[in-house]
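What follows is a short report on a single structure.
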Amino acid sequence: MKIKHFTSSRNPISILNVATALMLAVAPEGDAAFVSYYVGVDGLATIASGTYAGLSNPNLNRLTLLYAHVYPDTPASNHYHSKGVYRYTGPNLGEGQTSTEINPANYLPEGTAPPLLMTVGTGGLYDGKFVSAPEPGNPFSLSTIQDTGKLSGFSPGSGESILFNSGANRWNGSLIGADVHLELVSLSAGLNVGNSTVLNLFSSPGDNHHLDDSFSFTPVFWTDADASPGTYTAQFKLTDESGIFGDSGTFEYRFDVVPEPSSASLGAFGVLALFRRRR
């Protein structure tokens, strides 16, 4: 699935109904297991090539957020992009001596895509608030996060199987036994994170949300209706309280709040336009 960014019409929406509809629309028939985000564990033991060839992988056995690139017409191309992975940096000074960092390309949407546009929610918890919501044709906006294990067991050659085993089987290890939590690292003032039943899942950095076994979690990012225009960010990491797997590096979601013009502003604009035409 090629990633394209479409701006929202900003019409008020029912976020939960639209999220469900768009998830079904984006996933092709027979590929209903796909979501945009997965949590896996890095199984790559040794760096195979490049400057750091032969060194152990600093991200080995760490939980990792994965963005799924899915191509319905060419499923053989299905693959993940990892976010917030630990990697080497600087000169190769040998095992245990080479510096590491969290890959700075840890933000979503990735690349040069603009932040996700927040829109007006109607009804329920998010009535009248600016909320994250699915944008047609933009899989980055589908916020559900699942265990990669949900892709296991599909027939060889299927899109799910190809994605699950992509990267030379790097991400297909089982999370069974892990106690995975999503931990807040930082949050822009005015930005909040909830779900379908709870407005605020996080109050301050260090707070975490338990992801159930074989989880499927859909966060809702939101601001009040009078939030200042601009870009808001939320940074997280994944932790395993069982101690089986290491923590992930941080990854970041980015959102734009662009309040709709008030009716008074629109009226003033109309009067000004009419005045200019009459001149």
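Since every read-out is calculated from the coordinates, none of them should be taken as a lab result. This structure is a prediction, so every number in the text was calculated from the model and none was measured. Here the Cβ positions follow ideal geometry from the backbone for every residue, glycine too, while neighbour counts run over all protein chains shown.
Worth a mention:
- All aspartates and glutamates inside 15 Å of residue 129 as judged from Cα atoms, apart from same-chain residues fewer than 8 positions distant: 224, 226, 256, 260
- Remark: relative contact order (the range 15-278) = 22 percent; criterion is Cα-Cα distance under 8 angstrom and separation of 6 or more residues.
- Rounded to the nearest Hz, the phi-derived 3J(HN,Hα) couplings of the range 162-169 under the Karplus curve 6.51 cos²θ - 1.76 cosθ + 1.60 (θ = phi - 60°) are 5, 5, 4, 9, 5, x, 6, 6, where x marks glycine and proline.
- Note: relative contact order over the range 86-174, using C-alpha pairs below 8 Å and six or more positions apart, is 13 percent.
- Potential lengthening between residue 112 and residue 195 on full extension [0.36 nm per residue; Cα-Cα distance subtracted]: 27.1 nm
- Summed side-chain charge close to residue 201 - residues other than residue 201 whose Cβ falls under 12 Å, Lys, Arg +1, Asp, Glu -1: -2
- The packing ranking of peptides 84-91, 144-151, highest mean first, is 144-151, 84-91, where packing means the average number of other beta carbon atoms within 10 angstrom of each residue.
- Point-to-point label distance, residue 49-residue 225, nm (Cα→Cβ direction, 7 Å offset): 5.6
- For residue 123, distant residues with modelled amide H under 5 Å away: 128
- For the range 138-143, 3J(HN,Hα) computed residue by residue from phi via the Karplus equation (6.51, -1.76, 1.60; θ = phi - 60°) reads 10, x, 4, 7, 8, 8 Hz, glycine and proline entered as x.
- Modelled label positions at residue 92 and residue 212, each set 7 Å beyond Cα in the direction of Cβ, lie 4.7 nm from each other.
- Between residue 152 and residue 241, the C-beta separation translates, for a Förster distance of 25 Å, into a calculated FRET efficiency of about 0.60.
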